[in-house]
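J.: Take a look at this one; I'll ask things after.
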Amino acid sequence: MFNFVYSIPSLPLFLILFLIASVISASALFLVYRYVPLVLRKRENVPSGYVVGSISVIYAVLAGFVILYAMNNFDKASVISVHEASLITKIFRNASRLPQPVQTEIQQGMRDYATAVINIEFPALAEDKITIAGLGVLDKLDHQLNLYTPPNTVVFTRLHAIHEEINDLYATYDQRMNINNSALTPDLWTLFLISSVLTLVINCILGVYIRLHIVLQLILTLMVSATLFLIIAMDHPFSGSFSITSQLFQTSLAEMDKYQKSE
């Protein structure tokens, strides 16, 4: 799919898909009624019906698998973002148990990380681009912590626990970046688009009176358009109108401010 499709607002996107599907349906219906007599189509309705039914079932199964994959991908991205945002807040709070200056370094690092995710990474992901702004903040903080020598065993234990949480944050960051690259491949999109066009066209061969045929074809066109719309909306979790936003990280920043004021 073309990447610009994912940035189109939901209503215009659905209308565009419905318009394209309608043109395909209307063209196929016009050609069938012009070159294939209704009498012939009525006579062959039984075998034609078997073919139409078989293709419709295959398309429904294919669409179901594709939608399920896209929805699972979207859910995974949502869970990863929630975990990442909660880790930032958790590390910030746990850092308050450490002495200065390492406490301030860790807390400022979490602030910088959340700010980078909100202002740089999510806008880039919305345009299907990759940045390493957050990774750079984590690398800088990790380097600072490696230079710090704990004064006693208690601080060492607490710092080690925070190190483990930062490693978890590294892993979650990688998961968020990788999940954005797990969208449907061009080959799968090509297969599904061909199946959608075939489903729209094959229904036109039925021997049905024109008015009823138009109504049936319109319903089918709506269903195919809705299916394509749902897949596009879910395919890229961080792009489009139904995308995962940076609100979770904004909430984390607010919680960090609230926690620091309460100390």
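The values are calculated or read from the model by the stated rules, or taken from the named source; none is laboratory data. Quick caveat, the model's predicted, so the values are computed rather than measured. Positions of Cβ are generated from backbone atoms using ideal geometry, with glycine treated the same way; all protein chains shown enter the neighbour counts. What goes into the accessible areas is simple: the full protein's heavy atoms, side chains included, and nothing from ligands, DNA or RNA. Shrake-Rupley method; radii C 1.70, N 1.55, O 1.52, S 1.80 Å.
J.: Filter the helices (runs of 4 or more DSSP H) completely within segment 149-263 down to those with at least 2 residues that are closer than 28 Å to Val23 by Cβ.
T.: 186-202, 210-235
J.: Yes or no: segment 177-190 includes at least one residue that is open to solvent by 40 Å² or more (accessible area, probe 1.4 Å) and more than 19 Å from Asp235 (Cα to Cα).
T.: no
J.: Which members of segment 43-70 meet the condition of being in contact (Cβ under 8 Å) with a residue 40 or more places away in the chain and open to solvent by 80 Å² or more (accessible area, probe 1.4 Å)?
T.: Arg43, Ile58, Tyr69, listed by residue number.
J.: Criterion first (buried (at least 17 other Cβ atoms within 10 Å of the Cβ), among the hydrophobic types (A, V, I, L, M, F, W, C) and under 31 Å from the mean Cα position of the chain (by Cα)) does Ala95 satisfy it?
T.: No.
J.: Of the conditions (1) out of contact with any Phe, Trp or Tyr (no Cβ under 8 Å at 6 or more places or on another chain); (2) open to solvent by less than 40 Å² (accessible area, probe 1.4 Å), Ile106 clears all except one; give me its number.
T.: (1)
J.: I'd like the full set of residues that are of a type in the set (Gly, Ala, Ser) and over 15 Å from Ala26 (Cα atoms), limited to segment 208-230.
T.: If the condition is that a residue be of a type in the set (Gly, Ala, Ser) and over 15 Å from Ala26 (Cα atoms), then Ala226 is the only one that fits.
J.: Right, next: If a residue counts only when it is under 30 Å from Ala233 (Cβ atoms), which helices (runs of 4 or more DSSP H) contained entirely in segment 27-135 have at least 1 such residues?
T.: By residue number, 45-95, 102-116, 122-126.
J.: Of the residues Ala124, Ala85, Ala77, only one is at pLDDT below 90, of a type in the set (A, V, I, L, M), within 20 Å of the chain's Cα centre (by Cα) and within 23 Å of Ser182 (Cβ to Cβ); which?
T.: Among Ala124, Ala85, Ala77, only Ala124 is at pLDDT below 90, of a type in the set (A, V, I, L, M), within 20 Å of the chain's Cα centre (by Cα) and within 23 Å of Ser182 (Cβ to Cβ).
J.: Hey, can you tell me all the residues within segment 125-168 that are exposed (fewer than 14 other Cβ atoms within 10 Å of the Cβ) and of a type in the set (A, V, I, L, M)?
T.: Hits for segment 125-168 are Ile130, Leu147, Val154, Ala161.
J.: Follow-up question, since we're still on this one. Condition (residue is among the β-branched types (Val, Ile, Thr) and closer than 30 Å to Ala26 by Cα) applied to segment 232-250: is it met by at least one residue?
T.: Within segment 232-250 (the criterion being among the β-branched types (Val, Ile, Thr) and closer than 30 Å to Ala26 by Cα), the answer is yes, since at least one residue qualifies.
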